[in-house]
Structures are given as C-alpha cells and as structure tokens.
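A.B. asks: Quick one: structure below, then a few questions.
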Amino acid sequence: MTDKNETVIALLGQPNSGKSTLFNALTGLRQHVGNWPGKTVEKKEGQFEHNGTRYLVADLPGTYSLSANSDEEIITRDYIASGKADVVCILADSSQLERSLYMLADYAGITIPTFLILNMSDVAAEQGKEIDAQKIAERLGIPVVLFSAQDTKMDGQFYSALETALSRRTVLNTANLEARYEKNSAYSQVKPLIREGIIPGYSSVWLAAKVVEGDVPVTARIKENLDAESRILFEQVVLKEKNAGQGVLYTGECKFSWIDEILSGSTQTKKTVPRLGRFDRIITHRFWGKPVVILTVILGLIASFIPALPFMIVGSVFGKLSVPVSHLLAEVGCPVLITSLICDVIIRSVGFICQMLGFVFGVTLVFGLLEEIGVMARISYVFDNTMSKLGLQGKSVMPFLVSFGCTMGGAAGTRVIDNWGQKVLTIALAWAVPCGAAWSIIPMLSAVFFGAWAPVIIVAILVVMLLHMWITARIFGGSLVKKEDRYGMIMELPPYHRPKWTALFRYVLGRTRDTFLRVLKVVLLVAFVFWLLSFSSSGLMENSIIYKVGKVIEPFTKLFGMSWQLFMAFIASSVGKEGALGVLGTIFSGSGSAIGIGTVVGEGTAANINELLIQHVTKPEALAFIFAITFNMPCIVALAATYQETHSAKWTAVIAVYYTIIALVLAGIAYHIGLAIW
C-alpha cells in the first residue's frame, strides 16, 4: 500500500526508452520487484528522497501505446487512471523522436499531471541532432527536459521538471490534436455524448478517440456510465463503426501529424558519418551474422572471467578457511557438531556462492556493456527467426549461450525479455544447456571410463541437449506462450553509443548484491539439510543417515543404472556439480566427514577419485551417471536465480522437478544402451 506521505511518480515510455536506467538511477538499491496482482507482468517499485520529500517510483511496463492489446498496456493505463500516481513522467528516445513520441500522443487527454523527458540526448548529439526542448515545452504546455538518464550531472534538471509538474499540475495541451480528431464523423458524434469525468483520469477527448479505435474495454465502461438516452445514441454510432482498423489508422495519422507539428522547427539534424557502419553490416548479414554473433558471445564469456576472477579468488580462499578454522575450534574444545556446521556448511557455502557470483558479476558487466552500446539488440535481431520456431524471441539466444558458462547468468540474462511466458520458457530451455561446472566434470569422467571414445560421449551429450530443448519447448510452450503471443520482436535497432560507466557499475553491483542475498538463504538451507543427512560424529559413513537411506532406496536407484552411492552424488549435483565428485570420494573412501557442497577434486579423499571410480563403478553405470548429472538441475544457485527472475514458486518447482525426472529417465536409457555395448 502506498504511504500517504509519499509522492508517487509513474514512469511511462516505450521499450528501450531508458525507463529502467532512470528507475535504477533514482532508486538505487531501494527497490523491490514482484508481479502485478493477478498478472504475470513484472512490477517494479522503488523509493528515493529529494529536498525532504519522499517519492515512490513505479516503473510501468514498457509499451508502444495505451490501447488494450496486451496485459502490459492494460496494466499501464489502469494504473495511471487509478489515481495512485501524483505525476507521470513520460520518457522518449531523443535519437528517434518522431516514433518514440507516439506514447506521448496516445497519452494526450489523460488528466494526470505530467512532464516529458527527452532521454538519450547524448546519443542524439552524436547523431548531429539539435533539439530545442523549450520550444517543445511551449507547444505541449508541460515541462520538457533534454536528458540522459545515465548522466548524474543532469539529475537537477529532472528534479526541477518534477517539482514544476507537481506544483503547477501541468497537463498536455491537446487542442491541436483534438482539431484533427474532429474531422472524423464518428469522433464528432461520440464526443458530445461523453461528459467530462465519466471515467476518472480520462478526458472526453481521450475516451472518444479510443471508441473510434474500437477499444472494447473503454467502450464498455463508457456505456455503463451513460444515461439511457445517451446510451442508445452511443450504441448507434459504435455499431456504424464496425471496422476498428480504419479507426486506428485514422487516429494514428492524427497523432503522427500532431507530433510532426510539435517537432517542426524545434529539431535540426546535421549530416554525420554513421559510426561502426561496417560492423553493423556484418553482424546483421544474412549469412555472416550468426557466426559473428556466436563469436561475439563466446568472446564475451571469456572476457567475463576477467572481472569475475577477484570474486573467484576470494571465494576459493574463504572456502579453504574451513580447515584452519576447524583446527582452531577443535583446540578450544568446540563440539564436533558445531565445528562441522560452521566449517562444512557456512564457510564452504559462502565460499561457493562467492565463486559463482564472480561469474554472474562478470557476465552481467560484459553483456550489460554490450546492451548499453547497442550490440545486444543486433544479437537478438539476428536470431529472432530461429528462436521463433520455439515460440521465443531473438532475445532468448543470449541466455542460452551464456548458460554454457553459468546457468545463473543465463537466467539473469532473461531480464531483457518483455513477455513473461517467453521469459520462463527461455529459462526452462536454458537449464538443458550444460554449464561450465558440468563441462569441468564431464570430459574428465568420460576420459576415465571411455578413454579415446570420450569425444563420442561429448557429441552425444550435445545432440541430447538439442533434442531435450526441443521436447521441453513442446511440453511447456503451450502453457507459457499462447499462439497469439508467439510473435517476433517489433523493434528498431538502436544507434551505437558510448556507455555511461557509473550507471553501468551501479546497476551491476546492485544486481550482484541482490542476487547474493537471495541465493545465500537458499544455499545455506539446502547445504544444512545435506550436511545433516551426511554427518556422523563417529567418523564412520555407515553411521550416517545418508548411508542408511541409500541402502534402503538402492533397489529404486538401480532402475536408473545407479548404485546408491552414485544416486547420492546425483542428488549432490543438484546443489553444485563440483560437489558430486567430492561426495563419491567421501562415500567410496569410507570417511564419514560431512559432505560440503564446496568439496571438489583435489581436496582430501577426493584426490584419488579416478582410482576409486574405476574400482567401484562399471562402464554402463558411469554412462548413466554422466547423463544424470549433466541434465539434472544445474545447481541450487540457478534454482534461486530462476525464482528471482520468474517470481513464481510454482514454475520454479515445476522446472526443477521436471529436470530431475528427465535426468533419471535419460540415465536409465543411457544405462541400458551401455549394457548393450559392454
């Protein structure tokens, strides 16, 4: 619920207008994300203070208009009309004013105070465009600011426009737009029937225009509020205008004509040589585009390790503190239970998370940079046609490719997908892509058991991965992406421009911090449960719960070609792929020390893992185990990231259970194939 002492600002604009950048700049880390009630559309709100006044900022869904063509558009206009917003800040792209001002024209007639931000002024300047914001303000009757949301030096202009709009309650001057509407006979007949204030927040000008456009929800609400005589006349006019498409075309022409009038004499363009024109031609080329994009993403993944390295080093060092801390606690007489809890759960878990977050930080920074300079839009464009065959947008290709490095980074990369169903489906398919941790284990296991045939195993995994993604798209696609939502991207390629490093780092650090806090809770809980099952105060594995449970369920695990030891390692791979080998080393060696998720090859009993595996595991079992851990849930961090991006406990659980079942099914198939061969 909104605090009455807070002034509410609604950010309104088309996709890629810079709303999210401004939202992050204003609110910093004082923001929260959820879903609109009863909808799958993301809801973002945040707070900030200025000159002693507290403000609540609502970042409304990016839409191209205020019609009723999608949940996003309905949510946006209903929020504005609800009276919750004290002022509406409309953002437009200065580099493409003729098109991006369409939202302003569609807003014209709504009576909530407003002001206009001509964002990305730095990009417009690079294009040689000169914009007279004062002249535009005089024609519109509202404050207009030439602005760059990434440049903190311009914040003062934003605050000034905000305070002016609030104090003077500035509303758009629609006289010239209405004069254009009046040339339409249906509009001229409908408008006199609609009294002012019939629907709070909307003027009769706006409502009459929507009736002409065939807007069903608006037409129904107007009809409900008319008296009997006016309702009859209203229905007669509406029935005459059965072709809503013609009405949309007519009002659209009026809006663009009005925009041209507003911009006439207030903008000038000097001819400039396009920057990076050659690269643009290559990356959008029909043949060379995809190879160049894939190479760009691979280089991006490699580059991500550079900023990730400090995090990984810190995480590794922190995780190794478990040994000296364990010795220290033992010397002071600390109980074994407490010592194990601190060292094997808390210290190792935090170290593991830091290492994982390092890659997420690197991926977010590198691909955030590509987004800022305009490359990501080209990547999405190139793969749009390919992704559409799965019911997705071209934007989905980046999360898939990033998932080869880290599934958590892939899940985070879906933030650029504006359709919720397509976002969830993208994450569901990204889980099928083996991550970097899996690739650090798969080749080693393949080489240990299959020698020169290891490359065949790798190829088989890649083939199964593609088949897995196709089947998963078929299974979940119908529920997540309706036929009418299976559209490609409607977008213009933004111009290349220099990034604002301060804004970029602010966003990346904020995202990393938020992810760390969310993931920490989940990882600690799961690590604690796993530790509890594997702990044995006597130091004997036979006395642990995990051993007793394993022996009981072994008849079941054999169905999938895995002994109970392999099955327990399979479960551990859900927490972290690296932990699977540590679990096997601990179980097969007979030591009863608690199993930490940070246990990797080369530590303690896992050092001789190759010999232990060959001694206790057959080739068919090894093949089953390889496929099981490869296509199992990536890790607990990826699970937390999935929930963070989808805001749906239901779909997060569905995806996790689905992948667990599929991994076991694939293991069973691989096991029987292995029996036939060996």
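The values are calculated or read from the model by the stated rules, or taken from the named source; none is laboratory data. Since the structure is predicted, the reported quantities are computational estimates derived from the model, not experimental observations. Cβ placement follows ideal geometry from the backbone for every residue including glycine, while neighbour counts extend to all protein chains displayed. SASA here: full protein model, heavy atoms, side chains in, ligands and nucleic acids out. Shrake-Rupley method; radii C 1.70, N 1.55, O 1.52, S 1.80 Å.
A.B. asks: Which of the residues that make up the stretch 644-670 are among the small types (G, A, S) and assigned to a helix (DSSP H, G or I)?
C.D. replies: Keep residues of the stretch 644-670 that are among the small types (G, A, S), which gives 648-649, 653, 656, 663, 667-668, 670.
Of everything in the stretch 644-670, those that are among the small types (G, A, S) and assigned to a helix (DSSP H, G or I) turn out to be A649, A653, A656, A663, A667, G668, A670.
A.B. asks: I'd like to check something: does the stretch 560-567 contain any residue that is under 25 Å from K423 (Cβ atoms), at pLDDT 90 or above, assigned to a loop (DSSP other than H, G, I, E, B) and open to solvent by less than 40 Å² (accessible area, probe 1.4 Å)? Write out each step before concluding.
C.D. replies: Let us first name the residues in the stretch 560-567 that are under 25 Å from K423 (Cβ atoms), namely none.
No: the stretch 560-567 contains no residue that is under 25 Å from K423 (Cβ atoms), at pLDDT 90 or above, assigned to a loop (DSSP other than H, G, I, E, B) and open to solvent by less than 40 Å² (accessible area, probe 1.4 Å).
A.B. asks: G128: among the small types (G, A, S) and closer than 19 Å to K255 by Cβ, yes or no?
C.D. replies: Working: among the small types (G, A, S): yes; closer than 19 Å to K255 by Cβ: no.
For G128, the condition - among the small types (G, A, S) and closer than 19 Å to K255 by Cβ - is not met.
A.B. asks: Which one of A208, A220 is outside any loop (DSSP other than H, G, I, E, B), of a type outside the set (S, T, N, Q) and touching a residue at least 24 places away in the same chain (Cβ under 8 Å)? Steps first, please.
C.D. replies: Values: A220 fails: touching a residue at least 24 places away in the same chain (Cβ under 8 Å).
Every option except A208 fails the conditions.
A.B. asks: Of the residues A447, A412, A428, A437, which single one is open to solvent by 10 Å² or more (accessible area, probe 1.4 Å) and under 18 Å from the mean Cα position of the chain (by Cα)?
C.D. replies: After applying the criteria, what remains is A412.
A.B. asks: Can you give me the number of residues within the stretch 178-205 that are open to solvent by 20 Å² or more (accessible area, probe 1.4 Å) and part of a helix (DSSP H, G or I)?
C.D. replies: Here is the first cut: in the stretch 178-205, the ones open to solvent by 20 Å² or more (accessible area, probe 1.4 Å) are 178-180, 182-185, 188-189, 191-193, 195-197, 200.
Then drop every residue that is not part of a helix (DSSP H, G or I), which leaves 178-180, 185, 188-189, 191-193.
So the count comes out to 9.
A.B. asks: Continuing with this model, one more query. Here is a check on your reading of the model: is A411 touching an Asp or Glu at 6+ places or on another chain (Cβ under 7 Å), farther than 28 Å from D122 by Cβ and part of a helix (DSSP H, G or I)? Give the steps one after another, and end with the answer.
C.D. replies: Values: touching an Asp or Glu at 6+ places or on another chain (Cβ under 7 Å): yes; farther than 28 Å from D122 by Cβ: yes; part of a helix (DSSP H, G or I): yes.
Yes: the conditions hold for A411.
A.B. asks: Considering only residues of the stretch 468-487 that are in a loop (DSSP other than H, G, I, E, B) and open to solvent by 30 Å² or more (accessible area, probe 1.4 Å), which is modelled with the lowest pLDDT? Please lay out each step first, then the result.
C.D. replies: Let us first name the residues in the stretch 468-487 that are in a loop (DSSP other than H, G, I, E, B), namely 481-482, 486-487.
Remaining after also requiring open to solvent by 30 Å² or more (accessible area, probe 1.4 Å): 482, 486-487.
On the way: K482: 70, R486: 54, Y487: 51.
Across the stretch 468-487, the extreme among qualifying residues is Y487.
A.B. asks: If we scan the stretch 611-620, do we find a residue that is open to solvent by less than 20 Å² (accessible area, probe 1.4 Å) and at pLDDT 90 or above?
C.D. replies: First, pick out the residues of the stretch 611-620 that are open to solvent by less than 20 Å² (accessible area, probe 1.4 Å): 613, 617, 620.
Right, trim to at pLDDT 90 or above and you get 620.
Yes, the stretch 611-620 contains at least one residue that is open to solvent by less than 20 Å² (accessible area, probe 1.4 Å) and at pLDDT 90 or above.
A.B. asks: Could I ask something else about it? Just name the residue that is nearest to T652 (Cα to Cα) out of those in the stretch 398-408 that are open to solvent by 10 Å² or more (accessible area, probe 1.4 Å) and part of a helix (DSSP H, G or I). Spell out the reasoning first.
C.D. replies: Just the residues of the stretch 398-408 that are open to solvent by 10 Å² or more (accessible area, probe 1.4 Å), to begin with: 398, 400-401, 404-405.
Right, trim to part of a helix (DSSP H, G or I) and you get 398, 400-401.
Working: M398: 20, F400: 18, L401: 21 Å.
Checking each candidate, the answer is F400.
A.B. asks: So, one more: Among the strands (runs of 3 or more DSSP E) lying completely within the stretch 37-131, list those that include at least 1 residues that are modelled with pLDDT of 85 or more and within 16 Å of Q14 (Cβ to Cβ). First the steps, then the outcome.
C.D. replies: Values: elements: 42-50, 53-59, 87-93, 114-119, 129-131.
Because the criterion is at least 1 residues that are modelled with pLDDT of 85 or more and within 16 Å of Q14 (Cβ to Cβ), the strands (runs of 3 or more DSSP E) in the stretch 37-131 that meet it are 53-59, 87-93, 114-119.
A.B. asks: Now for a different question. So is F311 open to solvent by 30 Å² or more (accessible area, probe 1.4 Å), in contact with a Leu (Cβ under 9 Å, 6 or more places away or on another chain) and closer than 25 Å to L401 by Cα or not? Before the answer, list the steps.
C.D. replies: Details: open to solvent by 30 Å² or more (accessible area, probe 1.4 Å): yes; in contact with a Leu (Cβ under 9 Å, 6 or more places away or on another chain): yes; closer than 25 Å to L401 by Cα: yes.
Yes; evaluated as a whole, the condition is true for this residue.
A.B. asks: Please specify each residue of the stretch 381-396 satisfying the condition of being assigned to a helix (DSSP H, G or I), of a type outside the set (D, E, K, R) and open to solvent by 10 Å² or more (accessible area, probe 1.4 Å). It would help to see each step written out before you state the result.
C.D. replies: So the first thing to find is which residues in the stretch 381-396 are assigned to a helix (DSSP H, G or I), and the list is 381-388, 394-396.
After this cut, where a residue has to be of a type outside the set (D, E, K, R) as well, the list is 381-383, 385-388, 394, 396.
Those that are assigned to a helix (DSSP H, G or I), of a type outside the set (D, E, K, R) and open to solvent by 10 Å² or more (accessible area, probe 1.4 Å): Y381, V382, F383, N385, T386, M387, S388.
A.B. asks: Any idea which of A165, A161 is out of contact with any helix residue (DSSP H, G or I) (no Cβ under 6 Å at 6 or more places or on another chain), open to solvent by less than 20 Å² (accessible area, probe 1.4 Å), under 20 Å from L97 (Cα atoms) and not in a loop (DSSP other than H, G, I, E, B)?
C.D. replies: Numbers: A165 fails: under 20 Å from L97 (Cα atoms).
The unique qualifying residue is A161.
A.B. asks: Here's something else I'd like to know. When I282 is evaluated against the numbered criteria (1) open to solvent by 80 Å² or more (accessible area, probe 1.4 Å); (2) free of Cβ contacts under 8 Å to residues at least 40 places away in the same chain; (3) more than 24 Å from the chain's Cα centre (by Cα), which criterion, by number, is the only one it fails?
C.D. replies: So I282 meets the others, but not (1).
A.B. asks: Going through A161, A137, A105 one at a time, which residue ends up being touching a residue at least 24 places away in the same chain (Cβ under 8 Å) and either among the acidic types (D, E) or touching a strand residue (DSSP E or B) at 6+ places or on another chain (Cβ under 7 Å) (or both)?
C.D. replies: Numbers: A137 fails: touching a residue at least 24 places away in the same chain (Cβ under 8 Å); A105 fails: either among the acidic types (D, E) or touching a strand residue (DSSP E or B) at 6+ places or on another chain (Cβ under 7 Å) (or both).
Matching residue, one of A161, A137, A105: A161.
A.B. asks: Out of G598, G590, G602, report the one residue that is open to solvent by 10 Å² or more (accessible area, probe 1.4 Å), out of contact with any helix residue (DSSP H, G or I) (no Cβ under 8 Å at 6 or more places or on another chain), over 25 Å from W678 (Cα atoms) and modelled with pLDDT under 80.
C.D. replies: G602
A.B. asks: Restricting the stretch 415-425 to residues that are free of Cβ contacts under 8 Å to residues at least 60 places away in the same chain and in a helix (DSSP H, G or I), which is least open to solvent (accessible area, probe 1.4 Å)?
C.D. replies: First, pick out the residues of the stretch 415-425 that are free of Cβ contacts under 8 Å to residues at least 60 places away in the same chain: 416-417, 425.
Now drop any that are not in a helix (DSSP H, G or I), which leaves 416, 425.
Working: V416: 35, L425: 0 Å².
Once the filter is applied, the top-ranked residue is L425.
A.B. asks: Given the conditions (1) farther than 20 Å from A437 by Cβ; (2) of a type in the set (V, I, T); (3) at pLDDT below 85; (4) in contact with a Phe, Trp or Tyr (Cβ under 8 Å, 6 or more places away or on another chain), report the number of the one that I553 does not fulfil.
C.D. replies: In the conditions (1) farther than 20 Å from A437 by Cβ; (2) of a type in the set (V, I, T); (3) at pLDDT below 85; (4) in contact with a Phe, Trp or Tyr (Cβ under 8 Å, 6 or more places away or on another chain), I553 misses (3) alone.
A.B. asks: Name the pairs whose Cβ atoms lie under 7 Å apart, with the first residue in the stretch 649-666 and within 19 Å of S479 (Cα to Cα) and among the β-branched types (V, I, T), the second in a helix (DSSP H, G or I) and open to solvent by 50 Å² or more (accessible area, probe 1.4 Å), and 6 or more positions between them or separate chains?
C.D. replies: If the second residue must be in a helix (DSSP H, G or I) and open to solvent by 50 Å² or more (accessible area, probe 1.4 Å), the pairs left are T652/Y643.
A.B. asks: Considering only the stretch 625-647, state which residues are farther than 18 Å from A437 by Cα and open to solvent by 20 Å² or more (accessible area, probe 1.4 Å).
C.D. replies: Restricting attention to the stretch 625-647, the residues satisfying the condition of being farther than 18 Å from A437 by Cα are 643-647.
Answer for the stretch 625-647, where residues must be farther than 18 Å from A437 by Cα and open to solvent by 20 Å² or more (accessible area, probe 1.4 Å): Y643, H647.
A.B. asks: Of all the residues that make up the stretch 367-405, how many are hydroxyl-bearing (S, T, Y) and over 16 Å from the mean Cα position of the chain (by Cα)? Even if it seems obvious, please write down each step before you answer.
C.D. replies: Looking only at the stretch 367-405, we keep the residues that are hydroxyl-bearing (S, T, Y), and these are 380-381, 386, 388, 396, 403.
Subset that is over 16 Å from the mean Cα position of the chain (by Cα): 381, 386, 388.
Here the count works out to 3.
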